[in-house]
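The values are calculated or read from the model by the stated rules, or taken from the named source; none is laboratory data. What you see is a predicted model; the values in this text were computed from it and never measured. Don't worry about glycine lacking a Cβ; one is built from the backbone with ideal geometry, like all the others, and counts go over all protein chains shown.
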Amino acid sequence: MKTRVKTKNKLYLIATPIGNLGDITFRAIETLKSVDVIYAEDTRVTQKLLNHYSINKPLRSYHDHNEEEMALEIKNALLEGLNIGLVSDAGTPLISDPGYKVVDLIKDEYEIISIPGASATLTALTVSALPPQPHTFIGFLDTKENKRREILNTFKYVPSTLIFYERGTRLEGIVKEMYEVFGKRRAVIARELTKLYETIYDFNLGEKLDVELKGEFVLLVEGYKRKEITDERIKEEVLFLIKQGLTRKDAIISASKRLGVNKNKVYEVVIK
Ligand code: SAM
């Protein structure tokens with residue numbers, strides 16, 4: 001076990017609003033004012049936020065396509081003694097946004113402070129009326145259908161509210177795939193949270209969607225509800241896990257955990 005280092009100059013991960021400019025903490029503003037340089041996903045977006053709060057700071061861009069190179073640049077800037085702020089276009093950096101690489105790169109040498117604030121995940125979860133605990137944040141699904149279905153299958157029997165980020169153009173197709181994999185379940189679409197056209201839709205997977213497809217969306221799906229687990233179901237789960245590359249022994253252990261069924265019972269069914 002290792003305690004993280006404390007250093008004089010630090011990297012600050014600063015949460016910014018997800019739409020409504022009022023949703024930023026005093027501490028985030030103080031920190032944006034105090035750092036020497038701010039690394040931003042899209043400097044134009046962040047410049048607008050800084051202008052709104054009359055903050056004047058040098059901005060550097062840090063995005064998915066230059067993340068490795070910029071992580072090194074941040075490390076060098078820390079070595080020179082600078083204090084660095086990192087923000088994304090909206091919400092909490094790293095959460096379906098760039099930032100992870102630099103955190104991983106510098107964590108043993110420089111102190112990292114996360115300044116909490118808005119995130120679409122928790123905002124959507126709290127309003128959804130789906131069970132808040134446990135919840136699983138999945139974020140964006142893959143653009144390829146076979147990969148998407150694979151991920152959905154991985155979470156099919158997880159008894160936890162599932163949270164996805166999605167774009168309007170893909171929403172209908174993905175909800176349909178979810179119905180095919182999960183069957184009928186409660187679901188919620190949280191659209192344009194904190195903004196003028198904020199709308200929350202309650203529906204069941206399988207139902208026809210009647211959603212304004214413009215804007216930003218969080219999609220939440222009720223977790224798996226444990227029913228009586230049949231031998232057929234146990235067999236299906238073990239076969240699925242073997243297909244995922246697990247040995248028979250590991251598939252039995254994993255299926256027993258995933259389904260909450262005694263290991264010997266799973267073994268018996270497999271032998272049969
Ligand atoms: N880092 C951000 C966070 O903490 O939530 C998420 C950034 S991710 C690139 C953008 C996605 O988050 C959008 O496509 C949408 O799924 C979700 N999102 C962000 N803002 C939102 C909002 N105001 N309403 C609904 N969904 C939002």
For this session: Determine which member of the set ASN204, ASN264, ASN153 is outside the structural domain of ASP89 (by TED's automatic domain parsing), surrounded by 14 or more Cβ atoms within 10 Å (Cβ to Cβ), polar (S, T, N, Q) and more than 28 Å from PRO17 (Cβ to Cβ).
Result: ASN153
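Can you tell which of GLU67, GLU30 is more than 12 Å from the ligand (Cβ to nearest atom) and either in contact with a Lys or Arg (Cβ under 9 Å, 6 or more places away or on another chain) or in the same structural domain as TYR197 (by TED's automatic domain parsing) (or both)?
Details: GLU30 fails: either in contact with a Lys or Arg (Cβ under 9 Å, 6 or more places away or on another chain) or in the same structural domain as TYR197 (by TED's automatic domain parsing) (or both).
Only one candidate qualifies: GLU67.
Being in contact with a helix residue (DSSP H, G or I) (Cβ under 7 Å, 6 or more places away or on another chain), within 16 Å of the ligand (Cβ to nearest atom), outside any loop (DSSP other than H, G, I, E, B) and not basic (Lys, Arg) is the filter here, so list the residues in segment 89-118 that pass it. Let's see the steps before the verdict.
Start the filter on segment 89-118 by keeping residues that are in contact with a helix residue (DSSP H, G or I) (Cβ under 7 Å, 6 or more places away or on another chain), which leaves 89, 91, 94-95, 98, 101-102, 105-106, 110, 112, 115, 117.
Narrowing the set further to residues that are within 16 Å of the ligand (Cβ to nearest atom) leaves 89, 91, 94-95, 98, 101-102, 115, 117.
Still in the list and also outside any loop (DSSP other than H, G, I, E, B): 91, 101-102, 115.
Once the filter is applied, which keeps residues that are in contact with a helix residue (DSSP H, G or I) (Cβ under 7 Å, 6 or more places away or on another chain), within 16 Å of the ligand (Cβ to nearest atom), outside any loop (DSSP other than H, G, I, E, B) and not basic (Lys, Arg), segment 89-118 yields GLY91, VAL102, ILE115.
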Problem set entry | Matching option when the condition is crowded, with 16+ Cβ neighbours inside 10 Å, among the aliphatic types (A, V, I, L, M) and farther than 14 Å from ALA15 by Cα, among ILE38, ILE74, ILE29 | ILE74
Exercise. Restricting to strands (runs of 3 or more DSSP E) lying wholly in segment 6-67: which have 3 or more residues that are under 25 Å from the mean Cα position of the chain (by Cα) and in contact (Cβ under 8 Å) with a residue 12 or more places away in the chain?
Worked result: 10-14, 37-40
Exercise. Quick one: in segment 208-261, which of the residues that are within 28 Å of VAL188 (Cα to Cα) and small (Gly, Ala, Ser) is surrounded by the most Cβ atoms within 10 Å (Cβ to Cβ)?
Worked result: GLY223
Problem set entry | Where PHE217 falls short, out of the listed (1) out of contact with any Leu (no Cβ under 7 Å at 6 or more places or on another chain); (2) of a type in the set (Phe, Trp, Tyr); (3) within 16 Å of the ligand (Cβ to nearest atom) | (1)
Exercise. Do you know which residues across segment 159-181 are more than 18 Å from VAL218 (Cβ to Cβ) and within 18 Å of the chain's Cα centre (by Cα)?
Worked result: PRO159
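Of the residues that sit in segment 220-237 and are away from the ligand (no atom under 16 Å from the Cβ) and within 21 Å of the chain's Cα centre (by Cα), which one is nearest to ASP250 (Cα to Cα)? Step through it out loud before you land on a result.
Keep residues of segment 220-237 that are away from the ligand (no atom under 16 Å from the Cβ), which gives 222-237.
Remaining after also requiring within 21 Å of the chain's Cα centre (by Cα): 222-224.
On the way: GLU222: 28, GLY223: 24, TYR224: 22 Å.
It comes out as TYR224.
Which count do you get for residues in segment 119-134 that are without any contact (Cβ under 8 Å) to a residue 60 or more places away in the chain and within 15 Å of the ligand (Cβ to nearest atom)? Let's see the steps before the verdict.
Taking segment 119-134 as the starting set, the residues that turn out to be without any contact (Cβ under 8 Å) to a residue 60 or more places away in the chain are 122, 126, 132-133.
Okay, now just the ones that are also within 15 Å of the ligand (Cβ to nearest atom), so 122, 126.
Result for segment 119-134: 2.
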For this session: Please identify the pairs in which a residue from segment 70-88 that is small (Gly, Ala, Ser) has its Cβ atom under 6 Å from the Cβ atom of a residue that is in a helix (DSSP H, G or I) and at pLDDT 95 or above, counting only partners at least 6 apart or on another chain.
Result: ALA71/LYS101; ALA71/VAL102; ALA71/LEU105; GLY85/LEU32
For this session: Quick one: count up the residues across segment 1-26 that are surrounded by fewer than 14 Cβ atoms within 10 Å (Cβ to Cβ) and either of a type in the set (Ser, Thr, Tyr) or within 15 Å of the ligand (Cβ to nearest atom) (or both).
Result: 4
For this session: Among residues belonging to segment 97-130 that are surrounded by fewer than 21 Cβ atoms within 10 Å (Cβ to Cβ) and among the β-branched types (Val, Ile, Thr), point out the one that is nearest to HIS65 (Cα to Cα).
Result: VAL103
Exercise. Buried (at least 18 other Cβ atoms within 10 Å of the Cβ), within 14 Å of the ligand (Cβ to nearest atom), closer than 17 Å to ALA15 by Cβ and modelled with pLDDT of 95 or more, is that true of GLY85?
Worked result: no
